[in-house]
Amino acid sequence: MNQGDHDFHIVKKKYADLTRDELFDILKFRSEIFNLELGLPLQTTDEHDPVATHILLVNSFGELLGYVRCLSIFAKPVKNSSFSHLCVAPKHRQGNSKNDYSFGLLLTNEAIKACREISPNFGIVTHTNIALKKWFEKLGFTTVGEGHSFGGVEFIWLSLNPRAEKSIEAIPEAKTSNRTSPKKIEIESALSI
């Protein structure tokens with residue numbers, strides 16, 4: 001796909017297939033957005049990274065523009081596939097760039113496809129801060145269970161209504177490649193996905 005004068009593509013890999021440079025870029029990118037920009041007091045790496053599928057939006061210069069990860073969750077009583085850590089670089093967010101569409105939406109679409117590949121018979125959920133609740137609801141997600149607070153930020157689980165998937169898939173697709181509180185307002189404006 002083309003963004004301004006530069007092509008970009010989706011790279012989808014399992015943890016074991018990531019190069020050291022790709023893994024470093026992912027961890028640095030997530031830390032810059034979640035810890036430095038948003039000030040969230042949480043570790044952006046966890047035990048789910050080694051079992052996740054990592055989806056990177058990369059331009060022709062190798063710059064990471066956006067990221068999301070997908071995995072299966074086997075928590076009782078329900079089995080689901082899940083995506084999390086959805087983030088877009090500030091200068092490439094809708095309204096901050098020459099994009100005529102949202103990289104966040106593009107990554108969400110890719111995450112849903114990956115979740116279907118990982119666990120075709122499971123539902124799809126995402127865990128996100130409450131500031132993005134309305135954005136996800138517009139895509140057909142509904143709140144599941146109670147929210148909770150971590151580090152002064154409210155988080156919620158959202159589940160995708162299966163009937164909503166077709167409307168999400170109508171957004172532009174990127175070429176896929178296997179190449180090697182006030183806080184709520186800050187979060188919402190920082191993500192602008």
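Here are some notes:
- Residues of the stretch 121-142 satisfying the condition of being among the β-branched types (Val, Ile, Thr) and in contact with a helix residue (DSSP H, G or I) (Cβ under 6 Å, 6 or more places away or on another chain): Ile124
- Against the test of being modelled with pLDDT under 90, surrounded by 20 or more Cβ atoms within 10 Å (Cβ to Cβ) and closer than 26 Å to Pro41 by Cβ, the options Ala111, Ala131 yield a single qualifying residue, Ala131.
- Pick from the stretch 54-68, criterion out of contact with any helix residue (DSSP H, G or I) (no Cβ under 8 Å at 6 or more places or on another chain) and in a strand (DSSP E or B), ranking: modelled with the highest pLDDT: Val58
- Out of Glu169, Glu186, Glu146, one residue alone is within 26 Å of Lys14 (Cα to Cα), modelled with pLDDT under 85 and not basic (Lys, Arg). It is Glu169.
- Taking residues in the stretch 22-49 that are surrounded by fewer than 13 Cβ atoms within 10 Å (Cβ to Cβ), and partners anywhere that are of a type in the set (A, V, I, L, M, F, W, C) and in a helix (DSSP H, G or I), not one pair has Cβ atoms closer than 6 Å while being at least 6 places apart or on different chains.
The values are calculated or read from the model by the stated rules, or taken from the named source; none is laboratory data. Since we're looking at a predicted model, the values are computed, not measured. Using ideal geometry, Cβ is built from the backbone for each residue, glycine included, and neighbour counts are taken over all protein chains shown.
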